[in-house]
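Down below is the structure, laid out as structure tokens.
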Amino acid sequence: MKLERSRALFERAQRKIPGGVNSPVRAWKGVGGTPLFIARGEGAYVWDADGNRYVDFVASWGPLILGHAHPKVVATVREMAARGTTFGAPTEAEIELAEEACARMPCMEKLRLVSSGTEAAMSAVRLARAFTGRTKIVKFDGCYHGHADGLLARAGSGVATLALPDSPGVPPAFAAETAVVPFNDVDAVAAVLRELQGAVAAVIVEPVCGNMGVIPPVPGFLSGLRELTEKAGAGLIFDEVITGFRVDCGGAQERYQVKPDLVCLGKILGGGLPLGAFGGKAAIMDCVAPAGPVYQAGTLSGNPLAVGAGRATLAELSRETYHKLETAGAELQQGLEAILARYNTPGAVNRVGSMLTLFFGVERVRNAAEARQADRERFARFFHGMLERGIYWPPSPFEAAFLSVAHGRGEVGKALDAFDDWAKNEAKNEAMG
Ligand SMILES: *Cc1c(COP(=O)(O)O)cnc(C)c1O
């Protein structure tokens, strides 16, 4: 496989861009090697700068549920662009997207458009604090809510650890407003709410975790959070930046039938362009300026191109789409599991609908502590083995692989053939020591 152009581009990029990338995971630190520079995408495929073609399971980390360059999305963006790319004034298309998104998501009566998931989570947290008059936030170890200061905290071990910042530059005082508890542990949440009685503004959660690999909520977890927050007078925020319009028409809140007070959206909402949103009950959302006093703004918020791409994307997503994605996801999961078993490779596949993670060396993964047990070295070999066989899998053991509607039997089959061939080799190499 020729990769010369990607290598040259990566060297050149590093001279002007820190680490050569504009978002850390793109640098392949988790698997080693030189990241592919992508030249174009179509449907389920991407082509790198050297002209190699791959089946793409990254899907830009979630937004591309229709695959690359979907004709209707491209046509809409072209049409919108020709009429002007931004006005800094309201447009009719924003209302239509807001109406459409609210109609799909059970908890949303109103929403505000922003330009990223980070902004959505940051703003939802500010709003929850203003609405409750409290400052503490409870989040879960391994859940990612963008890179706003107070949310860049996970935990040491144990229950209710007050968090240390994950990054230099985050004042410890900010991170100290955030308590971190294990995912899927309702008792830990109950304990921290008791401990911080009357101080917790909100519990924020990825209802299906996608940022320590895919981890489904155990039965009773989300409904338990709903009950506990209600009792504590705290808000419940679902960060559905990945799961919104991904795991069901109405996101995880529909799939698991639990209604949060606020929801954060991004990724699919913008159909591959920069767009996010936060929304919820009207009584809470009406605290946002200019309806209320909670300040929140954006020069490019509700950008016409992003709104157009989002509307075109939602228009293609019907109940039937999710049945199709479920079928393809199940096929991929069962295929991967069969191959793991065939070659006695220890591992577990976690999946919800069309998002999936293959963890090596562990039997099951229900939280961050278990995810961290996964065999990263084997994953790195797997990643490069798949790449050599034409499959572009997420370059990190703690990310979700995504299917799009463009991933048919053929593409799933290619991934399984590649995995079988790699696993056979891996088993042979192991046997030889
Ligand atoms: C991607 C992601 C974010 C951040 O969104 P950006 O658009 O990258 O800022 C927030 N929350 C979750 C759950 C995400 O997956």
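The values are calculated or read from the model by the stated rules, or taken from the named source; none is laboratory data. Every value quoted in this text rests on a predicted model; they were computed, and no experiment measured them. Cβ atoms come from the backbone with ideal geometry, glycine included; neighbour counts cover every protein chain shown. Keep in mind that these areas ignore ligands, DNA and RNA; they rest on the heavy atoms of the full protein, side chains included. Shrake-Rupley method; radii C 1.70, N 1.55, O 1.52, S 1.80 Å.
Here H323 fulfils each of the conditions (1) closer than 30 Å to P71 by Cβ; (2) open to solvent by 20 Å² or more (accessible area, probe 1.4 Å); (3) in contact (Cβ under 8 Å) with a residue 24 or more places away in the chain; (4) not acidic (D, E) apart from (3).
Counting the residues of segment 398-433 that are polar (S, T, N, Q), more than 25 Å from the chain's Cα centre (by Cα) and assigned to a loop (DSSP other than H, G, I, E, B) gives 0. Of the candidates L273, L269, L265, the single residue that is surrounded by fewer than 24 Cβ atoms within 10 Å (Cβ to Cβ), within 12 Å of the ligand (Cβ to nearest atom) and in the same structural domain as Q296 (by TED's automatic domain parsing) is L273.
Filtering segment 109-127 to residues that are within 22 Å of V200 (Cα to Cα) and away from the ligand (no atom under 12 Å from the Cβ) leaves R126, L127. Between V58, V46, the distinction of being within 16 Å of the ligand (Cβ to nearest atom) and either within 30 Å of A312 (Cβ to Cβ) or over 22 Å from the mean Cα position of the chain (by Cα) (or both) belongs to V58 only. For R226, the conditions (1) open to solvent by less than 10 Å² (accessible area, probe 1.4 Å); (2) more than 16 Å from the ligand (Cβ to nearest atom); (3) basic (K, R) are fulfilled apart from (1).
Let's see how each residue does on (1) within 16 Å of the ligand (Cβ to nearest atom); (2) open to solvent by 10 Å² or more (accessible area, probe 1.4 Å); (3) in contact with a Phe, Trp or Tyr (Cβ under 6 Å, 6 or more places away or on another chain):
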position	(1), (2), (3)
A190	no, yes, no
I204	yes, no, no
P216	yes, yes, no
G233	no, yes, no
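Scanning segment 53-73 for residues that are farther than 24 Å from M355 by Cα and out of contact with any Asp or Glu (no Cβ under 8 Å at 6 or more places or on another chain) turns up nothing. The residue of segment 110-129 that is surrounded by the fewest Cβ atoms within 10 Å (Cβ to Cβ), among those that are under 15 Å from L152 (Cβ atoms) and among the β-branched types (V, I, T), is T118. Under the condition of being among the small types (G, A, S), touching a residue at least 12 places away in the same chain (Cβ under 8 Å) and open to solvent by 40 Å² or more (accessible area, probe 1.4 Å), the residues counted in segment 391-433 number 0.
Could you list, ordered by first residue, the pairs with Cβ atoms under 6 Å in which the first is in segment 261-272 and among the small types (G, A, S) and the second is assigned to a strand (DSSP E or B) and within 9 Å of the ligand (Cβ to nearest atom), at least 6 apart or interchain? Note: pairs meeting the criteria are G266/G276.
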